[in-house]
Amino acid sequence: MGEEAWQLSNPMLGIGAIIATFVLFYVVGYISNRKSSSVTDLYVAGSSIGPLTNGLAMASTYMSLATFLGITALILQLQVPFIMLWIQLILSIPLITIIYGTSLRRMGAFSPTHFIRERYGLSASIIAALFMILVSLMYSLGQMIGIALAFETVLGIPYMTGLIVGGLVIVGYVTLGGMAGASNNAAIQMVIIALMFIVPLGAIMKAMGGSGWFFPPLLYADMVPAMVEAMPNFFDYQFSPKWYVSLIGLTIGSLGLPHLAMRIYTASSLKSARTAMVWFAFIIGLVFSATYAMGFVGVYATETQGVAISPADADKLTLILNLVYNPEWVTALVIAGAISAGLSTLSGNLLAIGALLSQDIVSVLKPDLKVRTRVKLGYAAIFTGGIISILLAINPPAFLVVSILWAFGLAGVTNAPLIIVGVWWKEANKFGAIAASVIGGAIYIVVSPFVFPSIVLTGHSVTDGMGLSGAMLAIPISFILLIVVSYLTNRMPKLSAMLTAKEDHALIERIHGWKDVHPGRYNSTIGAAITVVFFTVIAVWAVMPWNM
Amino acid sequence: MKAYKMEVRFTILLTALFLLAGNVALVFSIFPVQGNLFGFPIMYIVPILSGWFGILFLTIVANKVGNRIDEEIERENGLLTSAETETGKQKKSHSKEGA
């Protein structure tokens with residue numbers, strides 16, 4: 001098989017599947033949203049979502065279009081190391097829940113920035129909010145690229161037309177919906193994503209002669225010998241332990257993602273939030289494993305079955321496999337599934353942008369604003385965020401996952417340290433927070449290949465582009481600055497007089513569930529010192545040669 | 001302070017276990033192993049299984065432990081409230097005796 005233009009020969013099938021999916025989402029969104037009139041309803045659905053719905057919604061928000069299109073492309077490019085990279089991303093919701101999610105839920109926070117404002121004050125929260133908007137935009141960018149690719153495959157139209165048509169339809173949907181619609185829809189989307197990804201994968205495996213087609217996520221061992229014969233290095237780890245250590249930066253990054261943490265605040269109770277975490281782990285593990293299988297099958301197809309995929313089409317691997325091995329109507333359903341995956345993540349991202357701009361920046365600077373104006377402002381921010389992500393996607397990076405993972409790293413540098421240290425260490429203050437966010441964020445942006453292509457840490461384009469190397473340097477610096485600057489400024493009378501230590505201590509005790517303030521709690525200097533020493537070692541290691 | 005110590009210890013321990021279960025590939029990159037399991041290379045399938053079922057198991061543990069810590073904090077809060085009430089009553093009776 002030679003290289004060809006991959007598209008549906010009957011576009012009506014694809015259009016029909018997409019319209020049917022959208023009608024379903026609009027109906028669910030409309031029914032769920034009739035009650036959504038307040039700001040709380042818009043962003044956290046009145047904190048009323050049950051554990052199974054919330055677990056499904058968490059998984060759906062997190063999974064994104066990358067699951068359908070992006071991951072398989074990079075498995076094709078990097079093979080097993082990329083699978084190993086993706087595995088640890090399951091840690092996001094469990095770690096958010098145990099480290100700070102339940103505390104912020106107890107506080108009644110709208111968003112992580114809300115916590116940062118209460119904990120570190122106005123300036124720090126506005127800086128954090130601006131970085132979070134950039135994170136959400138970069139994350140949305142990846143989704144927009146995928147949506148454009150999906151529309152391109154359905155209609156056989158150019159990428160640019162697909163981007164504008166698909167982008168506007170989806171931005172319109174999210175602007176008209178709210179978090180309640182998004183949560184219920186996200187749960188339905190999750191079921192659709194799972195079915196439309198795993199069932200067609202089983203059919204592809206069956207067409208290839210695989211015997212484990214009835215449970216694709218784990219049963220493809222019979223294809224391993226042929227794979228090893230055709231591509232002996234498929235299972236090689238390729239990179240040094242340092243590369244695998246740098247993956248933990250993505251885990252920390254996932255702890256700073258605003259749209260993900262917001263899912264915990266939609267839980268009806270702390271117990272419900274924890275149960276949702278268990279559902280999340282089960283579902284996301286299932287779909288992630290199926291994605292690795294799809295990547296494996298994709299490489300298998302190119303190496304043993306003669307399916308030729310040009311580098312420009314790598315992000316379409318899942319769709320191409322369906323076009324080659326399944327009937328067209330199945331591909332149409334897979335495209336609808338991919339679009340719904342992008343839709344749910346974009347909903348989360350754009351709602352986070354709306355909340356950040358209207359709640360965390362404008363309302364803070366202008367507290368007298370009427371509630372109705374704030375809600376309107378939220379809708380305007382959601383729409384504008386969508387339009388910006390469409391504009392950014394006009395000239396996209398080579399792989400859609402790259403911008404998403406880069407966003408993880410930025411969140412890990414600018415937000416996660418502020419939240420984690422802020423929840424667990426009373427001494428953390430606004431001077432440390434501002435230094436960590438601004439300097440850490442600036443270093444991360446400077447060493448990324450997007451701003452100064454010559455200033456990079458490894459020279460390995462995907463590793464630098466995904467922010468792995470930058471995060472391994474900037475996240476430790478951010479933690480060190482937060483701790484050291486806070487510790488020093490707390491001991492400078494002129495500066496410490498500008499702090500609200502008493503209120504901060506009371507806040508920390510309260511969000512952990514305590515009714516009193518005890519000086520011995522959340523105040524360990526030894527713990528802070530160990531953290532500084534540990535991260536100094538990692539930062540020094542990050543600037544040493546990577547030999548890639 | 002018992003509930004506080006329990007909260008800090010379990011958060012650190014569970015975070016470490018979660019990181020380990022999700023990063024088995026890091027361990028294998030330092031200590032490579034040969035051989036197959038369920039028809040796959042061990043260094044391929046073990047990180048995948050641990051990254052799904054290992055994490056699922058830990059979320060169940062974290063769920064139970066988190067709820068227990070909440071109850072323990074509530075219990076200590078309750079003790080604090082009753083101790084304050086008791087002190088209040090004693091102060092009242094002392095002032096009555098004084099009068």
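Quick look at the numbers
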{"read-out": "Residue within the stretch B:25-33 that is surrounded by fewer than 22 Cβ atoms within 10 Å (Cβ to Cβ), assigned to a loop (DSSP other than H, G, I, E, B) and touching an Asp or Glu at 6+ places or on another chain (Cβ under 9 Å) present", "value": "no"}
{"read-out": "Some residue of the stretch A:145-164 being within 22 Å of A:THR113 (Cβ to Cβ), crowded, with 24+ Cβ neighbours inside 10 Å and under 22 Å from the mean Cα position of the chain (by Cα)", "value": "no"}
{"read-out": "All positions within the stretch A:110-123 that are assigned to a loop (DSSP other than H, G, I, E, B) and within 20 Å of the chain's Cα centre (by Cα)", "value": "A:PHE110, A:SER111"}
{"read-out": "Residues within the stretch A:260-287 that are under 30 Å from A:PRO216 (Cβ atoms), of a type in the set (A, V, I, L, M, F, W, C) and within 11 Å of chain B (Cβ to nearest Cβ), tallied", "value": "11"}
{"read-out": "Considering residues of the stretch B:37-61 that are outside any helix (DSSP H, G or I) and facing another protein chain (nearest Cβ under 8 Å) only, the residue surrounded by the fewest Cβ atoms within 10 Å (Cβ to Cβ)", "value": "B:PHE38"}
{"read-out": "From A:ILE75, A:ILE99, A:ILE87, residue being more than 16 Å from the chain's Cα centre (by Cα) and facing chain B (nearest Cβ under 10 Å)", "value": "A:ILE99"}
{"read-out": "Qualifying residues in the stretch B:62-90 (those that are among the aliphatic types (A, V, I, L, M) and facing chain A (nearest Cβ under 7 Å)) - the one nearest to A:ARG510 (Cα to Cα)", "value": "B:ILE73"}
{"read-out": "Positions within the stretch A:494-533 being within 14 Å of chain B (Cβ to nearest Cβ), closer than 30 Å to A:LEU457 by Cα and either without any contact (Cβ under 8 Å) to a residue 24 or more places away in the chain or loosely packed, with under 12 Cβ neighbours inside 10 Å (or both), in sequence order", "value": "A:ILE530"}
{"read-out": "Hits in the stretch A:232-260 - residues which are under 10 Å from the mean Cα position of the chain (by Cα), small (Gly, Ala, Ser) and part of a helix (DSSP H, G or I)", "value": "A:GLY253, A:SER254"}
{"read-out": "Residues within the stretch A:389-420 that are part of a helix (DSSP H, G or I), modelled with pLDDT under 90 and β-branched (Val, Ile, Thr), tallied", "value": "3"}
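The values are calculated or read from the model by the stated rules, or taken from the named source; none is laboratory data. As the structure is a computational prediction, the values presented were derived from the model and not from experiment. Neighbour counts are summed over all protein chains in view; Cβ atoms, including those assigned to glycine, are modelled from backbone coordinates with ideal geometry.
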